[in-house]
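Nothing in this text is a laboratory measurement; each read-out follows from the coordinates by a stated rule. The structure presented is a predicted model; accordingly, all values stated were derived computationally and were not measured. Positions of Cβ are generated from backbone atoms using ideal geometry, with glycine treated the same way; all protein chains shown enter the neighbour counts.
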Amino acid sequence: MNKSSKTNLGSPKRQAFFVDHLNRIYCAKSHLAERLPEIYEEAGFADLKNAIKETIQIIETQIARMDEIFELLNLQYSFENCSALITFLEKTFSDLQRQFSDHELRDLLIVTYLYQQESVEMASFRILQIAAAGITEPKVKELLKKNYEDAQSDRALLMALTDKYIKSY
């Protein structure tokens with residue numbers, strides 16, 4: 001988990017908490033980076049396709065920032081405690097794949113999938129900001145803030161998409 005951290009994360013319990021949450025959101029984002037391109041072509045609603053494309057770009061940026069955080073803190077990510085989260089995300093993805101022939105249900109499941117990831121990311125990035133209060137490395141706090149702001153933008157995009165989607169049916 002830690003390669004003799006050069007930055008103080010606080011108590012060992014606080015450090016473990018921070019690293020665990022950073023690993024979980026990294027795990028979720030990695031899963032999404034892998035899965036979202038697979039459903040991009042399946043989206044029937046044009047605005048949904050655009051939202052998926054934009055979300056993929058945001059995720060790639062967020063992952064790059066988290067890579068930088070791991071590097072700044074001299075830590076290495078681990079997917080060790082991510083199985084429950086991946087199972088949750090993968091179940092929704094599997095449900096989605098079973099509905100590829102029903103366009104309306106498929107798009108609703110894609111939106112569900114995006115909402116689930118958005119909820120996890122908003123909570124995780126906010127918790128990470130709180131847990132990082134004792135970190136002395138300002139770049140880490142800046143990167144976490146940017147990821148949280150991206151999560152807020154993603155939420156706004158999803159809300160606008162949902163409104164548009166509801167009006168189209």
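Relative to the compact globular guide of 2.2 N^0.38 Å, what is the alpha carbon radius of gyration of segment 74-169, as a ratio? Walk me through the numbers on the way to the answer.
Values: Rg = 16.7 Å, N = 96, 2.2 N^0.38 = 12.5 Å.
Computed over Cα atoms of segment 74-169, the ratio equals 1.34.
Going by average Cβ density within 10 Å per residue, which order do the peptides 111-123, 14-26, 155-167, 69-81 take, highest to lowest? All intermediate terms of the calculation are to be shown ahead of the outcome.
On the way: 111-123: 17.8, 14-26: 19.8, 155-167: 13.5, 69-81: 15.8.
Ranking, from highest mean packing down: 14-26, 111-123, 69-81, 155-167.
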Roughly how big is the chain's charge dipole about its Cα centre, with Cβ charges of +1 (Lys, Arg) and -1 (Asp, Glu), in debye to the nearest 20?
680 debye
Pairs of alpha carbons in segment 1-157 whose separation is greater than 25 Å (percent)
32 percent
Along the positive direction of the dipole of the chain (beta-carbon charges: Lys, Arg +1; Asp, Glu -1; about the Cα centre), which of I166, N147, A132 reaches farthest?
A132
Any chance you could check the Cα centroid distance between segment 107-129 and segment 14-68 for me, in angstrom?
9 Å
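If we count every other residue with Cβ under 11 angstrom of P37's Cβ, Lys/Arg +1 and Asp/Glu -1, where does the sum land?
Values: positive: R35, K53; negative: E34, E38, E41, E42, E60.
That sum, taken over residues with Cβ under 11 Å, equals -3.
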Residues in segment 144-169, backbone N under 14 Å from the label point at E54 (7 Å along the Cα-to-beta-carbon vector): list them, ranges by number please.
150-165
For K29, give me every one of the lysines with a C-alpha distance below 29 angstrom, ignoring sequence neighbours fewer than eight places off in its own chain.
K3, K6, K13, K49, K53, K91, K139, K141, K145, K146, K164
Helix-only mean residue ellipticity at 222 nm for the chain, each DSSP H run of n ≥ 4 adding -39500 (n - 2.57), per residue, nearest 500
-28000 deg cm²/dmol
